[in-house]
Amino acid sequence: MEKGFFAKAVEKPAPTQSVGAGPRMIQLEEARSLYDAGESLFIDARHEFDYKLGHIKSAMNIPLKEFDVRKDTLNVLAKDKSIVVYCDGAECNSSIDFAAKLYLGGFTNVNIFFGGWREWSENQLPTEQSAP
């Protein structure tokens, strides 16, 4: 049993929440492999403005600040759906926060591509722009 400060910091999962390892950090190679398999949903957690300038091809844009307003969009997905969340890259933590919200919402197959948009585009992988 944890005592002191750590006893308060540890939260027990809700009974309906599956207990697992939580969101996983993945590298470019695994992100590319998941993309190529075509079975993962890629979510761009950046602002809409940045998304429109360029994003991973076929990625859905749900800015972190809009998560609570737009979570109904995600609730139609199976909770074990493979999801890859990304943002700008190492300077941005939106993907981590977004993935945590997904996990707490019951999603069990959440991946964080921390290299994000920057690493993907620098490696000339499939991208697209949205009309302004």
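The values are calculated or read from the model by the stated rules, or taken from the named source; none is laboratory data. Remember, it's a predicted structure, so these values are computed and weren't measured experimentally. In this analysis, Cβ positions are derived from the backbone assuming ideal geometry, glycine residues included, and neighbour counts consider all displayed protein chains.
Quick look at the values:
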item	result
Within the range 44-70, considering residues that are among the hydrophobic types (A, V, I, L, M, F, W, C) and assigned to a loop (DSSP other than H, G, I, E, B), the one surrounded by the most Cβ atoms within 10 Å (Cβ to Cβ)	Ala45
Some residue of the range 107-121 being at pLDDT below 95 and under 19 Å from Arg32 (Cβ atoms)	yes
Residue count, the range 50-70 (criterion: over 12 Å from the mean Cα position of the chain (by Cα) and within 18 Å of Trp120 (Cα to Cα))	9
Residue list for the range 13-38, filter: farther than 14 Å from Gly115 by Cα and at pLDDT 95 or above	Pro23, Ser33, Leu34, Tyr35, Asp36, Ala37, Gly38
Selection count where residues are part of a loop (DSSP other than H, G, I, E, B) and crowded, with 21+ Cβ neighbours inside 10 Å, scope the range 116-132	0
Positions within the range 71-102 being closer than 27 Å to Asn123 by Cβ and in a loop (DSSP other than H, G, I, E, B), in sequence order	Lys81, Ser82, Cys87, Asp88, Gly89, Ala90, Glu91, Cys92, Asn93
The range 90-114: number of residues that are among the small types (Gly, Ala, Ser) and surrounded by fewer than 17 Cβ atoms within 10 Å (Cβ to Cβ)	4
